[in-house]
Amino acid sequence: MNDHVSTHQAEEDTRNEAILIWVDGKLLPKAQATISVYDSGFMLGDGVWEGVRLYNNRWTFLDEHIDRLFEAAKAIDLDIARTKAEVAAAILETQTANGMTTDAHARLMVTRGVKTRPFQHPRLSQQGPTMVIIMEHSRPSIPRPITLATVPHLRGLPMTQDPKLNSHSKLNCILACIAAQKAGADEALMLDVNGFVNTTNACNFFIVRKGEVWTSTGDYCMNGITRQKVIDLCRANGIPVRERNFSLVDTYGADEAFLTGTFGAQTPVGVIDGRTIGTGQMGSMTERLRGLYKTLVGA
């Protein structure tokens, strides 16, 4: 048994065995919610996705998530073949079918669809896109601050695979996570191409130094909606916040560190590369920002 913790760790919920999954307009039980082995998402990781959370019967920042989905689809020249309103309606339809009111998480995935032959060329995807919504009862259950290990895998250059893109091709991040777990940590701390601290394999990363909140420049990190909300909350509440380059030296000496993401909101980091960050527990700034964020989303 390992004692690794994930930033996406949730309480066990037996209701998830009976969920209905939205597959191209049909609501299906788990066992029947399948796609073709010729699907370009399965075959090549050719697709884009979003994660959205339900708090008190409201999908948090839903319009912004759908905007980001459509922007990503445009970037990879994928026609979703639905309007933004239709995508939102599909999420609400899935919510209603599953009787969910709060503490749910939706993963919305769109691929280039079924291919006529098992090869790379996008022209072989002629049947239109595949769209799936997996919606689960999901309450975060992260029992302690996360531990991170710096790994050799970098957040890539925009002309290789732009880190801002929420694509199905996540192998770089998966390899980073594996490397971190082999080193005994929960998740990977990834640097950018210039050696500055950037993100983890799954979340955006912040440190707190002398009352200031720092995060990366944004050039090589995920285009995080929760990340932006934290920056906005700092600005609205008189908390100095800086998007800047900073190094591992700055990070090890930080008073606090935390991660941001749709699922975990703000997750404290206790240890990085064997160094305790601050007290090793959730710091006062992280706690304050969590409170401000909870108020913002009405949680």
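Every number in this text was worked out from the coordinates using simple rules, so none of it is lab data. This structure is a prediction, so every number in the text was calculated from the model and none was measured. Here the Cβ is made from the backbone with ideal geometry for all residues, glycine too, and neighbour counts use every protein chain on show.
Can you say what percent of the DSSP beta bridges in the chain, counting only those with both residues inside, are antiparallel? Round to 5.
Beta bridges within the chain, antiparallel portion: roughly 80 percent.
I'd like the orientation of helix 171-182 relative to the chain: the angle between its Cα long axis and the longest Cα principal axis, in ° from 0 to 90, rounded to 10.
Here the helix axis deviates by roughly 50 degrees.
Per 0.36 nm of contour for each residue apart, how much would the distance between residue 58 and residue 273 grow if the chain were fully extended, relative to their Cα-Cα spacing?
73.6 nm
May I ask you to list the aspartates and glutamates whose Cα is less than 13 Å away from that of residue 210, ignoring any residue fewer than eight positions away on the same chain?
Output for residue 210: 250, 255, 256.
With axes computed from alpha carbons, what is the tilt in degrees of helix 84-98 against the longest principal axis of the chain, rounded to the nearest 10 within 0 to 90?
Helix 84-98 sits roughly 90 degrees off the main axis of the chain.
If packing is taken as the average number of other Cβ atoms within 10 Å across a peptide's residues, how do 51-58, 197-204 rank, most packed first?
Order by mean packing, descending: 197-204, 51-58.
Average the reciprocal distances over every distinct pair of alpha-carbons in segment 1-64, invert the result, and give the Kirkwood radius in Å.
Radius from the Kirkwood sum: 15.3 Å.
Tell me the mean residue ellipticity at 222 nm calculated for the chain from its helices only (DSSP H runs of n ≥ 4, each -39500 (n - 2.57), averaged over every residue, nearest 500).
My calculation for the chain gives -8000 deg cm²/dmol from helical runs alone.
Excluding same-chain residues fewer than 8 positions from residue 164, which lysines have a Cα within less than 17 Å of its Cα?
74, 229
Compute the distance from the alpha-carbon center of segment 88-127 to that of segment 160-234, in whole Å.
Cα centroid to Cα centroid, the span is 25 Å.
Report the Cα-based extents of segment 18-137 along its three principal axes, largest first, to the nearest Å.
44, 31, 19
Under the classification rounded if a/c is under 1.5, otherwise prolate if a/b is larger than b/c and oblate if not, where does segment 84-240 fall, given a ≥ b ≥ c as square roots of the Cα gyration tensor eigenvalues?
Oblate, since a/c reaches 1.5 and b/c is not below a/b.
Please give the FRET efficiency for residue 210 paired with residue 139, using the beta carbon to beta carbon distance and R0 = 25 Å, rounded to the nearest 0.05.
Efficiency at R0 = 25 Å is approximately 0.15.
Quick one: compute a quarter of the convex hull surface over the Cα atoms of segment 160-268 and quote it in nm².
It is 6.9 nm².
When the Kirkwood hydrodynamic radius is evaluated over all pairs of different C-alpha atoms of the chain, what value in angstrom, to one decimal, is obtained?
It works out to 20.1 Å.
Rank-order 227-237, 142-152 by packing density, defined as the average count of other C-beta atoms within 10 Å over each peptide's residues, highest first.
142-152, 227-237
Write down the percent of antiparallel bridges among all DSSP beta bridges whose residues are both part of segment 146-297, to the nearest 5.
If we restrict to bridges inside segment 146-297, about 65 percent are antiparallel.
When we measure straight from the Cα of residue 84, which aspartates and glutamates land under 20 angstrom away, once same-chain ones fewer than 8 places off are left out?
24, 50, 63, 64, 67, 71, 93
Would you mind getting me the FRET efficiency between residue 127 and residue 250? Use the beta-carbon distance for r and R0 = 41 Å, nearest 0.05.
0.25
Can you order the peptides 219-226, 88-95, 238-245 by their average number of other Cβ atoms within 10 Å per residue, highest first?
Descending packing order for the listed peptides: 219-226, 88-95, 238-245.
Quick one: if you stick a label point 7 Å off each Cα along the C-beta vector at residue 183 and residue 161, how many nm between them?
2.0 nm
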